[in-house]
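Everything on this sheet refers to the single structure shown next.
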């Protein structure tokens with residue numbers, strides 16, 4: 001089980017991930033793509049990244065907008081796994 005991060009560490013990390021925000025025990029980002037197929041292509045990329053990391057986000061698809069929610073459920077909150085995957089998601093966004 002991954003170690004929960006303190007509020008201070010989370011705030012510091014989110015300063016480096018400006019498109020993400022905290023929502024309770026999760027970090028969240030919504031990405032709007034230019035087309036529905038582009039949104040789904042990004043979902044597929046994120047799924048591959050998540051599978052490789054062994055850490056999977058919740059994904060809510062709404063036409064061209066996809067909301068990614070990261071939390072380490074087994075730890076009960078935000079861990080380094082979430083921050084690392086958020087950075088990888090940011091890198092995958094065209």
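Of all the residues that make up the range 55-81, how many are free of Cβ contacts under 8 Å to residues at least 40 places away in the same chain and over 13 Å from the mean Cα position of the chain (by Cα)?
Result for the range 55-81: 6.
What number of residues in the range 1-23 are assigned to a helix (DSSP H, G or I) and closer than 19 Å to residue 76 by Cα?
7
A short reminder: the numbers here are calculations on the coordinates, not readings from a lab. Because the structure is a prediction, the values reported are computed rather than measured. In this analysis, Cβ positions are derived from the backbone assuming ideal geometry, glycine residues included, and neighbour counts consider all displayed protein chains.
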